[in-house]
Structures are given as structure tokens and as C-alpha cells.
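Here is the structure we will look at, set down as C-alpha cells.
The values are calculated or read from the model by the stated rules, or taken from the named source; none is laboratory data. What you see is a predicted model; the values in this text were computed from it and never measured. Here the Cβ positions follow ideal geometry from the backbone for every residue, glycine too, while neighbour counts run over all protein chains shown. What goes into the accessible areas is simple: the full protein's heavy atoms, side chains included, and nothing from ligands, DNA or RNA. Shrake-Rupley method; radii C 1.70, N 1.55, O 1.52, S 1.80 Å.
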Amino acid sequence: MSDIHADAHAGGDAHGHTAKHPYHLVDPSPWPIVGAFAGGLLAAGGLLYMHAGHSLPLLILGVLAVLGTVAVWWRDVIREATFEGHHNPVVQLGLRYGMALFIASEVMFFSAFFWAFFSASLYPAGGVWPPKGIHPFDPFEFPFLNTLILLLSGTTVTWAHHSLLEGNQKGLVQGLVITGLLGLSFTSIQAYEYSHAAFNFAGGIYPSTFFMATGFHGFHVIIGTIFLAVCLWRATQGHFTPDHHFGLEAAAWYWHFVDVVWLFLFVCIYWWGMGSALPLGE
């Protein structure tokens with residue numbers, strides 16, 4: 001009986017009713033349906049812009065709608081976790097399972113890109129990989145620099161996490177700031193690299209698979225950097241404690257996943273994938 005009373009006392013809903021279970025049943029929210037329309041708007045704008053070369057305003061509207069939905073949805077989740085006390089240990093366990101499944105789905109997402117690349121490179125149409133006329137990037141120039149940047153960022157985000165566990169607020173903030181700056185550095189270098197590519201997206205199977213794999217990874221780095229920026233803001237507001245910080249933990253998991261994917265991209269696509277072709281500039 002004492003356990004039942006403890007669970008019942010674990011928290012109440014927004015209307016003052018006492019919960020008889022440890023789970024959090026969220027209030028009705030408009031953001032799922034709003035997010036679905038925003039995502040559809042973004043997809044339609046992106047397709048029209050890439051295939052027809054117009055509808056840029058629609059694409060921009062879709063981007064703003066998705067970002068706005070994400071902002072207000074995260075605001076509600078932060079409010080539930082930090083100020084309303086709904087994220088008890090049982091709820092946090094469910095969130096961990098959810099994050100683990102999300103990362104597993106991301107693994108499948110990138111596996112498709114690697115499958116396409118290996119299918120094209122192991123059995124090339126003309127018997128040569130990369131195709132004739134393609135000058136790939138030298139893997140030990142900017143790609144290697146970005147590899148070092150991401151590996152270093154993995155250590156700094158771990159430093160931030162362990163600083164929080166030890167009650168070191170200064171180390172937490174410093175670790176998140178450095179990790180965010182490293183993420184911005186990675187994105188800037190990759191953008192510079194893309195602007196100097198000797199091939200374009202429509203130039204055949206090599207450019208298509210290259211830009212799809214590395215470009216979507218770059219997009220994930222941008223998402224992870226935003227995730228860390230939100231955690232940095234929350235850290236400065238005192239939202240995290242050593243025993244209640246799943247938001248930071250999820251951001252660290254995501255960032256480590258991005259690191260690991262890049263290592264596979266560097267080894268398989270940049271290094272192994274260049275074959276015997278002369279790199280750009282030679």
C-alpha cells in the first residue's frame with residue numbers, strides 16, 4: 001500500500017488531480033498536427049525549388065514554420081520537465097528508450113546512403129570508380145581536419161556532461177560552449193569544401209551519393225549544434241541537476257552518433273571511395 005500511495009503522491013496533473021500512476025499523460029497539444037503541416041509545406045517548397053527552380057518563398061515559409069513548431073514544442077517539453085515536475089524517473093526511462101530508438105532509426109537512414117554508395121562503387125557502370133572525369137577531395141586535407149574537429153567535440157561534450165554530474169556548473173557551460181563552436185567550425189569548413197568541389201550534385205552517381213551522404217550528415221551536425229545551444233541556454237538558467245538532466249544526456253547521445261557516422265563517412269567515402277583517382281588540385 002505504501003508504494004501505491006507513493007506513486008499517487010508522485011505528482012498531479014495541470015488541473016490538480018492526483019495521479020495514481022508514475023506516467024505522464026500529456027495534455028492535448030496542437031503541435032503534432034501543426035508540425036505535420038509545417039513539414040509538408042517544407043517538403044513541397046523544397047521539391048518545387050529543386051526541380052522547378054522556383055517557389056523559394058514557399059521553401060522559406062516551410063523552414064520558418066518547422067523552426068517555429070520546434071521552438072514552441074521544445075518550450076512545452078522544457079516546461080513539463082523543469083517547472084511542472086512531470087519527468088520523474090519512470091518518465092525519464094521512457095524518454096531514454098525513445099531516444100535510443102530514434103538513434104536506431106537514424107542508423108537505418110544513413111545505412112541506405114552507404115548502401116547506395118557501395119552498390120555504385122563496388123560494381124561501377126564503366127568498370128572504374130570514381131567515374132572518369134571526377135576529381136574527389138583529398139581526404140587528408142579538409143575532411144581530415146573536420147574529423148579531428150568532431151573527435152575533439154566528442155571529448156568536450158563528455159567533459160560538459162561529467163562536469164554536471166560533479167556539480168561543476170562552470171565546466172558544464174564551458175564544455176557546451178566549446179562543443180558548439182566546434183560544431184560551427186565543422187559546418188563552416190564543410191560549406192567551404194562544397195563551394196570548391198570539382199563536381200555538382202547532378203554530375204552523376206558519384207556526386208549524387210557523395211552529396212547525399214555527407215550533406216545529410218552536415219544537416220545532422222547543424223541540428224546537433226542547435227540542440228547543444230538549447231542545452232547551453234538551459235544550463236545558464238539552472239535547469240539541469242546531477243540527477244535530472246535528460247535533455248543534456250540526449251544531446252550528448254545525438255552528438256556522439258554524429259561523430260561515429262562521420263568516421264564511417266571519412267573512411268568509406270572520402271578515403272576508400274576515392275580509389276585511384278587523382279584528388280582535386282592534382
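Quick look at the values:
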read-out	value
Gain upon complete extension [L145, H51; 0.36 nm per residue less C-alpha separation]	30.5 nm
Using alpha carbons only: equivalent-ellipsoid semi-axes of region 34-75, gyration tensor based, whole Å	22, 8, 5
Reduced Cα scattering model of the chain, Debye log10 I(q)/I(0), q = 0.08, 0.13, 0.16 Å⁻¹	-0.44, -1.02, -1.33
Carbon plus sulfur fraction of accessible area for the chain, probe 1.4 Å, in percent	71 percent
W271 - accessible surface, heavy atoms, 1.4 Å probe, Å² rounded to 10	130 Å²
Around D76: net Lys/Arg minus Asp/Glu count, Cβ-Cβ under 13 Å	-1
Compactness relative to 2.2 N^0.38 Å, alpha carbon Rg of region 9-160	1.54
Average accessible surface area per residue within region 77-206, 1.4 Å rolling probe, Å²	55 Å²
Structure-based [θ]222 nm, the chain - -39500 (n - 2.57) summed over DSSP H runs of at least 4, per residue, nearest 500	-23500 deg cm²/dmol
More than 14 angstrom apart: percent of Cα pairs within region 110-179	73 percent
Two-decimal ratio, region 137-282, of alpha-carbon radius of gyration to 2.2 N^0.38 Å	1.17
Space enclosed by the convex hull of the alpha-carbon atoms of region 188-251, per residue, Å³	84 Å³
Dimensions (Å) - region 220-282, Cα atoms, principal axes, largest first	53, 21, 13
